[in-house]
Structures are given as structure tokens and as C-alpha cells.
1. From the list 96, 74, exactly one residue is more than 16 Å from the chain's Cα centre (by Cα), in a helix (DSSP H, G or I) and surrounded by 10 or more Cβ atoms within 10 Å (Cβ to Cβ). Which is it?
2. Would you confirm, using the coordinates I've provided, whether residue 50 is under 21 Å from residue 2 (Cα atoms) and under 12 Å from the mean Cα position of the chain (by Cα)?
3. Taking residue 6 as the residue in question, decide whether it is within 11 Å of the chain's Cα centre (by Cα) and either assigned to a helix (DSSP H, G or I) or in contact (Cβ under 8 Å) with a residue 60 or more places away in the chain (or both).
4. Do the conditions hold for residue 84, that is, is it in a helix (DSSP H, G or I) and within 16 Å of the chain's Cα centre (by Cα)?
5. Exactly one condition in (1) at pLDDT 95 or above; (2) touching a helix residue (DSSP H, G or I) at 6+ places or on another chain (Cβ under 9 Å) is false for residue 35; which is it?
6. Return the pair list, or none, for Cβ contacts closer than 8 Å from residues in the range 85-97 that are under 16 Å from residue 52 (Cα atoms) to residues that are modelled with pLDDT of 90 or more and not in a helix (DSSP H, G or I), at least 6 apart or on different chains.
């Protein structure tokens, strides 16, 4: 899995932890911290669930930066939808990579 992702003009560190808890001590799959520019993912998730959770947190970042805070239902269903489209249509990633030729990427 990746260790950094750029959302808008901000580079977020992607961290993996064994146990992730919210402020109410509830178990979390993932968390985005805008103040620290971090996305934290729970390592107890399987790979596909962790990837969907990463997309979910990326969408929170996109919506927050654009000033359009969305409900969890909208973010979650959109994350599932994007992940499914990418998994079902490999050629779309080739097209994105073609557009990015010559552009600097986050390392």
C-alpha cells in the first residue's frame, strides 16, 4: 500500500496501525487528520477493505478542501463506486498514466 498521497495541494502521510480508535474509543477502519496531514488505516482490515477505506478518506479530503462536507453515506458509496469502476476497467488507469507522462508525481 502507499505511504503518501497528494490531495489538492497537501501531501498526506498514510500510516498503518494495529488498533485505531476514535474519540469515543470506538474501533475505526481509518481516520484522516487535516491538521497533521495524515491518513491512518487499521491493519486488521483485509487488503481490499483497507483500499476502500483509503478511497473513503481521500474523498473526505477532497470534499473538505472544496468546502463541500458530505455525509458518511455519500462518501462511503462514492468510494465503493470509484474503487469498483477502477477494478472493472483497467484501461482507465492506463489512460490516467498516459495523461500524467512528464508530470511530477508524489514519491
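The values are calculated or read from the model by the stated rules, or taken from the named source; none is laboratory data. If you're wondering where the values come from, they're calculated on a predicted model, not measured in any experiment. Cβ sites come from the backbone with ideal geometry, for glycine too, and all protein chains shown count toward neighbours.
1. Every option except 96 fails the conditions.
2. Here the answer is yes, as residue 50 does meet what is asked.
3. Yes; evaluated as a whole, the condition is true for this residue.
4. In short, yes.
5. Failing condition for residue 35: (2).
6. Within 8 Å, no pair qualifies.
The rows are residues; the columns are (1) surrounded by fewer than 16 Cβ atoms within 10 Å (Cβ to Cβ); (2) touching a strand residue (DSSP E or B) at 6+ places or on another chain (Cβ under 8 Å).
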residue	(1), (2)
3	yes, yes
14	no, yes
19	yes, yes
35	yes, no
40	no, yes
43	yes, yes
56	no, yes
60	no, yes
